[in-house]
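The block underneath contains the structure these notes are about, expressed in structure tokens.
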Amino acid sequence: MSLSLPKSYSRYVSLMKFFLPLGIILSVGFAIAWPYLLSLSKEGFVAIDTSHPEIKENRMMRPRYLSTDKKGQPFQVDAQWAKQQTDDLSNLISPTGSLTVIEGETFNLKAAEGHYDSQAKVLNLEGKVVLTSTDGYLVQTEKARITVDDKIIEGDTYIEGEGPTGKIMGKNGFKIETLAEGKKVILLKGPSRVEIKQAKLKKPKDSHAQ
């Protein structure tokens with residue numbers, strides 16, 4: 001004895017055989033197309049990973065600038081990163097560098113920030129500026145300007161430092177320049193104080209008055 005199924009049930013089975021595979025295909029297609037559809041719903045929106053500052057602001061990581069003065073003596077400045085303002089001007093973070101003032105004597109520098117003009121060969125330093133020389137000078141201030149070609153280092157803010165002969169202080173800044181004959185001159189601006197080590201004032205024991 002055979003059982004006959006209702007026509008409605010047979011129709012239901014036939015429809016399910018058609019729509020079930022179709023539904024699976026549509027579900028897979030929708031899952032693949034969803035990211036694209038989502039992007040279309042946000043006109044003009046571009047996702048950028050801002051966790052990388054070099055991408056967000058087009059920064060150069062660990063740049064190095066090399067140059068020479070009029071006499072061909074080297075100048076170098078490095079930084080943690082730099083942002084190009086113009087073709088010649090760059091903003092620097094954590095700059096460090098060196099400037100040869102005379103043969104065999106170099107000033108090393110570091111600061112929190114800086115601005116370097118590669119065309120004019122001028123470096124401006126700001127924030128915790130420290131200058132040290134190979135002949136034993138150490139100078140600390142908040143702002144300094146270095147003119148590479150003229151080998152001049154100067155600033156207009158409070159300065160204090162120490163060298164082989166003693167300590168120096170300048171309330172309104174300083175100027176360090178190298179004269180034509182190769183002598184280095186440190187000029188203190190405004191109210192100043194110089195503490196000279198007594199040992200440097202004593203004459204050698206074997207010296208004779210003329």
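Of everything in the range 92-101, what is in a loop (DSSP other than H, G, I, E, B) and surrounded by fewer than 19 Cβ atoms within 10 Å (Cβ to Cβ)? Give them in sequence order. Steps first, please.
Of the range 92-101, the ones in a loop (DSSP other than H, G, I, E, B) are 94-95.
Matches in the range 92-101: 94 only.
Which of the residues belonging to the range 102-118 are of a type in the set (D, E, K, R) and part of a strand (DSSP E or B)? Don't jump to the end; show me each part of the working.
From the range 102-118, those of a type in the set (D, E, K, R) are 103, 105, 110, 113, 117; that's our starting set.
105, 110, 113, 117, listed by residue number.
Out of the residues in the range 166-192 that are surrounded by 14 or more Cβ atoms within 10 Å (Cβ to Cβ) and out of contact with any Gly (no Cβ under 9 Å at 6 or more places or on another chain), state the one that is nearest to residue 128 (Cα to Cα).
Ranking the qualifying residues of the range 166-192, first place goes to 176.
Going through the range 134-193 one residue at a time, which ones are of a type in the set (D, E, K, R) and closer than 22 Å to residue 95 by Cβ?
The initial filter retains those residues of the range 134-193 that are of a type in the set (D, E, K, R), namely 135, 142-143, 145, 149-151, 154, 156, 160, 162, 167, 171, 175, 177, 181, 183-184, 189, 193.
Scanning the range 134-193 gives 142, 143, 145, 149, 150, 151, 154, 156, 160, 175, 177.
Just one of (1) surrounded by fewer than 17 Cβ atoms within 10 Å (Cβ to Cβ); (2) under 21 Å from residue 73 (Cα atoms) trips up residue 89, so point out which.
Result: residue 89 fails condition (2) only.
Going by the structure shown, is residue 111 aliphatic (A, V, I, L, M), at pLDDT below 90 and either more than 25 Å from residue 88 (Cα to Cα) or crowded, with 16+ Cβ neighbours inside 10 Å (or both)?
Here the answer is no, as residue 111 does not meet what is asked.
Of everything in the range 132-145 that's modelled with pLDDT under 95 and buried (at least 17 other Cβ atoms within 10 Å of the Cβ), which residue is farthest from the chain's Cα centre (by Cα)?
137
Has the range 154-161 got at least one residue that is assigned to a strand (DSSP E or B) and under 15 Å from residue 134 (Cα atoms)? Steps first, please.
Taking the range 154-161 as the starting set, the residues that turn out to be assigned to a strand (DSSP E or B) are 154-155, 159-161.
Checking the rest, the ones that are also under 15 Å from residue 134 (Cα atoms) come to 161.
The answer is yes, given that some residue of the range 154-161 is assigned to a strand (DSSP E or B) and under 15 Å from residue 134 (Cα atoms).
Any residue that is in a strand (DSSP E or B) and touching a His at 6+ places or on another chain (Cβ under 7 Å) - is there at least one of those in the range 119-136?
Keep residues of the range 119-136 that are in a strand (DSSP E or B), which gives 122-133.
Narrowing further to those that are touching a His at 6+ places or on another chain (Cβ under 7 Å): 124.
So far as the range 119-136 goes, yes, one or more of its residues are in a strand (DSSP E or B) and touching a His at 6+ places or on another chain (Cβ under 7 Å).
The values are calculated or read from the model by the stated rules, or taken from the named source; none is laboratory data. What you are looking at is a predicted structure, and each value in this text was computed from that prediction instead of being measured. All Cβ positions, even for glycine, are placed from backbone atoms using ideal geometry, and neighbour counts span all protein chains on display.
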